[in-house]
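Quick notes on the structure that follows.
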Amino acid sequence: MKILVLNCGSSSLKYQVIDMDTRNPIAKGLVERIGLQGSVLTHRTASGAKEVFKTEIKNHTKAIELVIKQLVAPEYGALKDLNEIHAVGHRVVHGGEKFSKSVVINASVMEALKDCIELAPLHNPPNIAGIKACQRMMPGIPQVAVFDTAFHQTMRPLSYIYGLPYEYYEKYGIRKYGFHGTSHKYVSQRAAVLLKKPLSELKLISCHLGNGASIAAIRGGKSMETSMGFTPLDGLMMGTRSGALDPAIVTYIMCREQFSVDQMNDFLNNKCGALGVSGISSDFRDIEVAAEQGSHRAQLALDIFEHDVRQFIGSYAAVMGGVDALIFTAGVGENAPGMRAGICKNMDFLGINLDLEKNQVRGEEVDVSKTNSRCRVLVIPTNEELMIALDTLELTK
Ligand code: AMP
């Protein structure tokens with residue numbers, strides 16, 4: 001059985017066709033610069049062969065049309081016929097409080113998705129455009145929405161209500177939602193498999209450390225706390241996002257720099273974080289190289305990131321009353337042994353004892369803690385596409 005997984009951004013579209021018998025992708029690719037000059041589709045076959053198509057791609061419908069054309073092209077051999085696709089799973093960024101799990105898309109779900117646009121004006125409209133395009137291009141094939149926020153809907157009010165007048169939660173939906181839920185859910189399920197214990201008995205701290213980064217406290221398979229908030233800006237300092245700030249800084253900078261609301265939004269999302277501190281790059285590989293070459297600002301960016309992660313680990317262990325396993329995932333979490341070592345340093349008070357030799361892995365699913373470590377330390381490559389495909393299959397079987 002084959003599932004098409006789609007992740008539509010404002011000007012991009014990522015896709016994978018996953019064979020659910022093997023759980024491996026049989027085709028995948030990326031459309032970039034949708035609606036802009038220089039649109040391009042990069043398609044990869046199961047063998048890894050890459051084809052690049054440069055052509056005008058005006059909108060998401062056109063992009064999906066082009067993707068389907070490559071998927072059924074005899075020379076790439078992914079599908080003989082579009083009807084081989086059992087269902088389509090869409091990544092949807094924001095499900096607000098309306099969606100605490102994935103859903104089969106129907107007319108009332110579409111209405112509810114539109115209601116969530118206010119909460120994610122940049123992300124939800126392209127997600128909806130992708131769904132509409134698929135409904136047009138693949139009538140009769142079920143579509144499922146899988147939300148980044150859904151996994152965190154198990155948080156308690158004491159975790160998600162901010163110190164604002166309560167009416168602002170009621171009127172505007174201002175609360176902590178949390179993101180990266182699909183990734184946190186996937187790695188927590190894999191952790192239970194690796195640890196050979198039921199998820200319901202585990203206290204886990206999942207560190208999704210990539211260009212966007214968030215941490216979640218997961219008890220019994222349920223998200224209790226997470227570091228991102230009303231938007232993905234909150235929590236850890238990230239590649240280009242500031243992370244948590246004293247809120248007064250926002251108005252102070254707006255006054256001093258004469259920034260409009262849009263400029264301030266762009267500033268906080270795209271010009272801050274490790275990029276802003278280091279002044280070099282948002283990419284942790286570049287920052288590591290610069291730090292080795294003596295840039296003290298690059299070193300400071302790495303130190304702040306490490307320190308932020310450690311603070312969340314400590315606080316989440318306190319909230320859960322302990323931790324059975326720490327999970328590292330995403331670009332930095334999976335591939336940066338030095339960062340993992342820094343984060344786990346002097347954490348034996350929590351039972352965390354990293355095995356520095358085992359820790360030299362990159363991108364593999366492995367336990368990197370010492371045999372006698374009370375808290376296991378796991379590196380688990382995330383696979384949001386597979387998680388979306390699994391949810392989609394479950395709901396459309
Ligand atoms: P993601 O958003 O999950 O794709 O992660 C992207 C981030 O992971 C970028 O900042 C990369 O620099 C970082 N990353 C990828 N590979 C490595 C590596 N080998 N060492 C350090 N950082 C890495």
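Under 10 Å, Cα contacts only: if you run a Gaussian network model on the chain, which one of 163, 229, 322 comes out with the highest mean-square fluctuation? Fluctuation is largest for 163. Subtracting the Cα-Cα distance of residue 286 and residue 52 from 0.36 nm times their residue separation leaves 81.5 nm of extension gain.
Here the chain is treated with +1 on each Lys and Arg Cβ and -1 on each Asp and Glu Cβ, and its dipole about the Cα centre works out to around 520 debye. Reducing region 247-274 and region 137-178 to their Cα centroids gives an inter-centroid distance of 25 Å.
Stretching residue 374 away from residue 20 to a fully extended chain increases their span by 123.9 nm, per 0.36 nm per residue minus the current alpha-carbon distance. Taking 0.36 nm per residue of sequence separation and removing the Cα-Cα distance, the residue 262/residue 73 pair yields an extension gain of 63.7 nm.
Rounded to the nearest 20, the size of the Cβ-charge dipole of region 252-397 about its Cα centre is 440 debye, with Lys and Arg at +1 and Asp and Glu at -1.
Within the chain, the longest run free of GluC sites (Glu not before Pro) that sit in a DSSP loop with at most 14 other Cβ atoms within 10 Å is 98-356.
Values quoted throughout were computed directly from the atomic coordinates according to the rules given, and no laboratory measurement underlies them. Values in this document were obtained by computation on a predicted structure and should not be read as measured data. No Cβ is skipped: glycine too gets one built from the backbone with ideal geometry, and neighbour counts run over all protein chains shown.
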